[in-house]
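Visitor: I am attaching a structure below and will ask some questions about it afterwards.
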Amino acid sequence: MPGGIWASGTKSVAKEILKFKLNVVKKGIEYTMRTPLGRMGMPDEVARMALVLASDLSSYVHGVLIPVDGGFLSA
């Protein structure tokens, strides 16, 4: 369950910020302030969790949602 991940979609939003769309800037600041890590996640951070879930390391894990969101949901 990925949170704010720095990917192609978020890059397009960043381009909108450069056009001074203040509403988008405000939402970005609010997100960063609410995330305990204070940053967006990277695609490889989601991929690492997918790798763990696909490996034998999670052989006894079933039917669970794992947030990969830098602590956003717990803040």
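What follows draws every value from the coordinates through simple rules; no lab data is involved. Source: prediction; values computed, not measured. Note that each Cβ is placed from the backbone with ideal geometry, even for glycine, and that neighbours are counted across all protein chains shown.
Visitor: Kindly provide the helix-only [θ] at 222 nm of the chain, computed as the sum of -39,500 (n - 2.57) over DSSP H runs of four or more divided by all residues, to the nearest 500 deg cm²/dmol?
Guide: Calculated from helices alone, the mean residue ellipticity at 222 nm is -15000 deg cm²/dmol.
Visitor: If one takes the longest principal axis of the Cα atoms in the chain, at what angle in degrees, from 0 to 90 and to the nearest 10, does the Cα axis of helix 43-54 lie?
Guide: Computed tilt is about 20 degrees.
Visitor: Count the net charge of all other residues whose Cβ sits under 11 Å from the Cβ of TYR31, scoring Lys and Arg as +1 and Asp and Glu as -1. Present the calculation step by step, with values, prior to reporting the outcome.
Guide: Values: positive: LYS26, LYS27, ARG34, ARG39; negative: GLU30, ASP69.
Taking every other residue near TYR31 into account, the sum is +2.
Visitor: Would you mind calculating the gained length between LEU51 and TRP6 on full extension (0.36 nm times residue separation, minus the Cα-Cα distance), in nm to one decimal?
Guide: Value of the extension gain: 14.3 nm.
Visitor: All other residues with a Cβ under 12 Å from the Cβ of GLY4 taken together, and with Lys, Arg as +1 and Asp, Glu as -1, what is their net charge?
Guide: Counting the neighbours of GLY4, the net charge comes to 0.
Visitor: Residue separation times 0.36 nm, minus the C-alpha to C-alpha distance between VAL25 and MET42: what's the value?
Guide: Stretched fully, the VAL25-MET42 segment lengthens by 4.1 nm.
Visitor: Something else now. How would VAL52, VAL61 line up from fewest to most surrounding beta-carbon atoms within 10 angstrom?
Guide: Least crowded to most crowded, the residues run VAL61, VAL52.
Visitor: Percent relative contact order of the chain, based on C-alpha pairs within less than 8 angstrom and at least six residues apart?
Guide: Values: 60 pairs, mean separation 37.7, N = 75.
After rounding, I find 50 percent.
Visitor: Let me ask something else. Relative to the first principal axis of the alpha-carbon coordinates of the chain, what is the inclination of helix 8-18, with its axis defined by its Cα atoms, in degrees from 0 to 90 and to the nearest 10?
Guide: Approximately 20 degrees, to the nearest ten.
Visitor: Count charges around LEU51 for me, please; just the other residues with Cβ under 13 Å from its Cβ, Lys/Arg as +1, Asp/Glu as -1.
Guide: -2
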